[in-house]
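The structure under discussion appears below in the form of structure tokens.
The values are calculated or read from the model by the stated rules, or taken from the named source; none is laboratory data. Keep in mind that this is a model prediction, so the values were computed, not measured. Here the Cβ positions follow ideal geometry from the backbone for every residue, glycine too, while neighbour counts run over all protein chains shown.
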Amino acid sequence: MARVAVVTGGTRGIGRAISEGLKAKGYEVAANFGGNEEAAAKFESETGIKVFKWDVGSFEACEKGLADVEAQLGPVDVVVNNAGITRDGMLHKMTPEQWNEVIQVDLTSLFNMSRPVINGMRERGFGRIISISSINGQKGQMGQANYSAAKAGVIGFTKAIAQENARKGITVNVVAPGYIDTEMVAAVPEKVLESIIGQIPVGRLGKAEEIAACVTFLADDNTGFITGSTITINGGQYLTS
């Protein structure tokens, strides 16, 4: 029986590439989305991947959404925490709403998505939790105190629960992309984008499929000795030891 994978924010951008990549590897994929029903319906018709709508910032919504997935597809073996938003602003102008919304969706969602499935994974002796952080969670970014804090928190959360669950056959890892050629990056002004690309040693933006390839690798049954790790995919823009 195919393993079941849930991808949050799984119908567009990096999430879409991850959903498609996992399906190509034989997983039964559930693609979560938060708001754009038209885009989600189009994605479902084009890919044949089931879509499920819920707010990853709400624990109750995640509990219900994951229960719906398990009722339709079976127990969840793989969780990919990809959903994320930005609400940029300098700290001296940032509102509590801008801070709280990003922390809720980009960080608290990891607890909301992991807690309802972790006991089942422990009982079955297998699980993969893979979370998408960011280069800006590793190095910080002016105007993104909320986003940088959330994405740094993703790494800390991962290291903690990797240790808690290692003996139960569950691996927990992070993928930290740099600047990837998605709709979000396409919205950056052209001159700013040129400046960013100039800082990337490989001389280009990354591709969503390159992130997906790393995620599908970490989700595989044969990668059980990799846990608590952060894999950077940023074209050499920011190097970590």
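Search the stretch 211-230 for residues being under 14 Å from the mean Cα position of the chain (by Cα) and of a type outside the set (A, V, I, L, M, F, W, C), and hand back the single one that is nearest to PHE126 (Cα to Cα).
Per the criteria, the residue is THR216.
Based on this model, can you work out whether TYR238 counts as assigned to a loop (DSSP other than H, G, I, E, B), in contact with a helix residue (DSSP H, G or I) (Cβ under 9 Å, 6 or more places away or on another chain) and surrounded by 14 or more Cβ atoms within 10 Å (Cβ to Cβ)?
Judged against the criteria, TYR238 is a match.
Report the residue count in the stretch 195-210 for those that are within 20 Å of the chain's Cα centre (by Cα) and part of a loop (DSSP other than H, G, I, E, B).
Selection size over the stretch 195-210: 2.
Considering every residue within the stretch 177-192, establish whether at least one is of a type in the set (A, V, I, L, M), modelled with pLDDT of 95 or more and in contact with a strand residue (DSSP E or B) (Cβ under 6 Å, 6 or more places away or on another chain).
yes
For PHE157, work out the one condition from (1) crowded, with 19+ Cβ neighbours inside 10 Å; (2) over 19 Å from THR223 (Cα atoms); (3) without any contact (Cβ under 8 Å) to a residue 60 or more places away in the chain; (4) in contact with a strand residue (DSSP E or B) (Cβ under 6 Å, 6 or more places away or on another chain) it doesn't fulfil.
If we test PHE157 against (1) crowded, with 19+ Cβ neighbours inside 10 Å; (2) over 19 Å from THR223 (Cα atoms); (3) without any contact (Cβ under 8 Å) to a residue 60 or more places away in the chain; (4) in contact with a strand residue (DSSP E or B) (Cβ under 6 Å, 6 or more places away or on another chain), just (4) comes out false.
How many residues are in a strand (DSSP E or B) and within 20 Å of SER19 (Cβ to Cβ) if we restrict to the stretch 75-97?
6
I need the full set of residues from the stretch 25-60 which are farther than 26 Å from VAL102 by Cα, out of contact with any strand residue (DSSP E or B) (no Cβ under 6 Å at 6 or more places or on another chain) and free of Cβ contacts under 8 Å to residues at least 40 places away in the same chain, in order please.
GLY26, LYS42, SER45, GLU46, THR47, GLY48
Mind checking whether some residue in the stretch 154-163 is aromatic (Phe, Trp, Tyr) and within 24 Å of ASN100 (Cβ to Cβ)?
Yes: the stretch 154-163 contains one or more residues that are aromatic (Phe, Trp, Tyr) and within 24 Å of ASN100 (Cβ to Cβ).
Which of the residues spanning the stretch 162-210 are surrounded by 19 or more Cβ atoms within 10 Å (Cβ to Cβ) and of a type in the set (Val, Ile, Thr)?
Within the stretch 162-210, ILE170, THR171, VAL172, VAL174, VAL175, ILE180, THR182 meet the criteria.
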